[in-house]
């Protein structure tokens, strides 16, 4: 898409046209031209349907199968941790 757009702009304005807003370090000249880009075919776009599987937000890679993760992400706090009330009682 980008190459096609740049190429159309070059064909419209000409190979040696340089917009005024282009910094001096990036400007092209007849001795150092920005050659007209070759025609390049972009990759076809493809819409992917939403993956509907319980318990997952991710779509598995093509040719693979989603594996159910039975491990719980939540962990219980260690018993030695004190609550804020317990800390306040110790400090007073």
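Read the figures in this text as sums done on the coordinates, not as results from a lab. Keep in mind it's a predicted model, so treat the numbers as computed, not measured. Please note: Cβ atoms are built from the backbone with ideal geometry, for glycine as well, and neighbour counts cover all protein chains shown.
Taking neighbour Cβ counts within 10 Å as the exposure measure, how do 39, 18 sort from fewest upward?
39, 18
Give me the extension gain from residue 87 to residue 7: residue separation times 0.36 nm, minus the current Cα-Cα distance, reported in nm with one decimal.
Full extension of this stretch gives 21.9 nm more.
Relative contact order for region 1-44: what is it in percent, counting Cα pairs under 8 Å that are at least 6 residues apart?
Computed over region 1-44, the figure is 53 percent.
Relative to the present Cα-Cα distance, how much length would full extension add between residue 43 and residue 68 at 0.36 nm per residue of separation?
Answer, rounded to one decimal: 5.7 nm.
Can I get the semi-axes of region 1-44's equivalent ellipsoid? Compute them from the C-alpha gyration tensor as square roots of 5 times the eigenvalues, in angstrom, largest first.
Taking √(5λ) for each Cα gyration eigenvalue gives 22, 11, 10 Å.
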